[in-house]
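The values are calculated or read from the model by the stated rules, or taken from the named source; none is laboratory data. Values in this document were obtained by computation on a predicted structure and should not be read as measured data. When we count neighbours, we look across all protein chains shown, and the Cβ atoms used for this are built from the backbone with ideal geometry, even at glycine. SASA here: full protein model, heavy atoms, side chains in, ligands and nucleic acids out. Shrake-Rupley method; radii C 1.70, N 1.55, O 1.52, S 1.80 Å.
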Amino acid sequence: MSVPFHLLDRPITEYIGVKLWLEEYGQFWGIPPSMIDQELSSSLLILERFCAFVGKDPDQIAGECLRPSKVGEGVMLRTKARREYIGLIADFERKEGSRASGSAVRSFFIHNGVAMTPSALR
Amino acid sequence: MEFKEVVGWRRSIRFFAPWRPVEREKVQAILEAVYRAPKVLELDIVRCVVIYRDALTAEQLESIRSPINSAQIDMAPVYIQFFADLQAAERAMDGGHLKELIDLDLLPASFGWTHDYVDRVIVPQVYKRILTDSNRVVVGRRPPLLQEVEEQAQARAGGGRTVVAVEAEPATLPLSLLVLANTAVGIAQAHALLSAFDEGLGAHLCGISPVVMKQLCRIPDYWHTGASTMLLGYHAGSWEDGGQRPREPFEEDFFEGRYGTPFVQDPGVVGRLKAERMIQDEAPLAWRRGELSALADMLGLPK
């Protein structure tokens, strides 16, 4: 599925949330910055399809799950929004028929500070 | 396994082999350890309900999930839920259990234990004070007693007996009783955790909604549900599980004689405990990332 142009007005790697994802993922898994785009190329395409699925861009998605803290610095997790996205990711995974699709999107959330785990495969 | 090695191998295991059931006899061995754990004030407080993941309906399994425990709930084939029986102190008010221990020569007269001491000191000055502690803490909401429902209905209906819905009131507990209950459960959980590893299993204390666990286990109202759930299963990864967790310096936690005088670690003792495997390689282990990656792939988890 192609992403409607009005959703993503620039390459997906230019969104703040995606930059953060790539940076954090690369640091954690020991992937050099020069190779991270290539490493996650299929995951980036999956995230684009998820954006189309929910009709929002990556920063809108991450922003809905986190809000600035009322006291001091940092952000607060919006648990209701997270629950909604957990359900949407499960729907997306079913639609794509691929566990890898769900995992890629969850990885984007996790490395943006929105902790979540799916059911484990048995 | 030797005791020191059991202590050394214990970790909070988060990756269980979901396909491998835990033998019932191993669960019983863990419960036998809990059964023999020290009792706080000799009160019979601790209760456990063993839950088998595969015996739950899909709805029940879904009810205990949270956004961050979902995978662990799926991986662990057994959950042990700890409860505190809050009527334990009331039941002990006749002092019968203490007198039995005196008669069995387990509470010796040399330390002051007599039937009279139990009746005149322990029961009124210890047990009763716990139960009547005016410092109370809210621990949730309790449903109204049937009697209260009927009384309120009578008042509203001018003497009628129609049962009406009454809003749940905050449930409070004497702080002393809650401290006692939490201490007893903590001791029991420590026994259970070490026993699990001794049985060749992995375990992890996980936060699951107490309200949900109360409903799932169908426990009496007077059982307190504040404790973590112990997830139990075989390791999906290595027993090292990334290595022993880093701790703050030993001397910051332990003191000798008085606060401010650190209990200094003796390197000779450390060496002996390393040889006996209580002290093991500390995280990070060079190969851990590779293991985490492989486990995530195997179990379909995000990276």
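Some notes on this structure:
- Values of log10 I(q)/I(0) for the stretch B:3-236 across q = 0.07 Å⁻¹ run -0.31, by the Debye formula with one identical scatterer at each alpha carbon and no solvent.
- The GNM of chain B, with springs linking C-alpha atoms under 10 angstrom apart, assigns the highest mean-square fluctuation among B:LEU194, B:LEU41, B:LEU107 to B:LEU107.
- Our estimate of slack between B:ALA55 and B:SER110, defined as 0.36 nm per intervening residue step minus the Cα-Cα distance, is 14.6 nm.
- Solvent-accessible area per residue, Å², over the protein assembly as shown with all protein chains present [probe radius 1.4 Å]: 55 Å²
- Annotation for B:ARG258 and B:ASP281: the two label points, set 7 Å from Cα along the Cα-Cβ direction, are 4.4 nm apart.
- Global form of the stretch B:201-303, assessed from the alpha-carbon gyration tensor, a/c cut-off 1.5: oblate
- Distance between the pseudo-spin-label points of A:ARG78 and B:ARG289 (7 Å out from Cα toward the beta carbon): 3.4 nm.
- Spatial extent of the stretch A:10-111: Rg and Dmax, with the Cα atoms as the point set, Å: 13.8, 43
- Computed over chain B, relative contact order equals 29 percent, with contacts defined as Cα pairs under 8 Å that lie 6+ residues apart.
- Modelled FRET efficiency - R0 60 Å, B:LYS4 with A:ILE12, Cβ distances, 0.05 increments: 0.65
- DSSP bridge orientation in chain B - percent antiparallel, rounded to nearest 5: 95 percent
- Taking every C-alpha pair closer than 8 Å and separated by at least 6 residues, the mean separation divided by the residue count of the stretch A:10-111 gives a relative contact order of 31 percent.
- Equivalent-ellipsoid semi-axes of the stretch B:1-138, from the Cα gyration tensor, Å, largest first: 39, 21, 13
- Averaged over the residues of peptide B:294-302, the number of Cβ atoms from other protein chains lying within 10 Å of each residue's Cβ is 6.
- For the pair A and B, total buried accessible area rounded to nearest 100 Å², probe 1.4 Å: 1700 Å²
- Across q = 0.09 Å⁻¹, the protein assembly as shown modelled as identical point scatterers on its alpha-carbon atoms has Debye log10 I(q)/I(0) values of -0.80, in the order of the q list.
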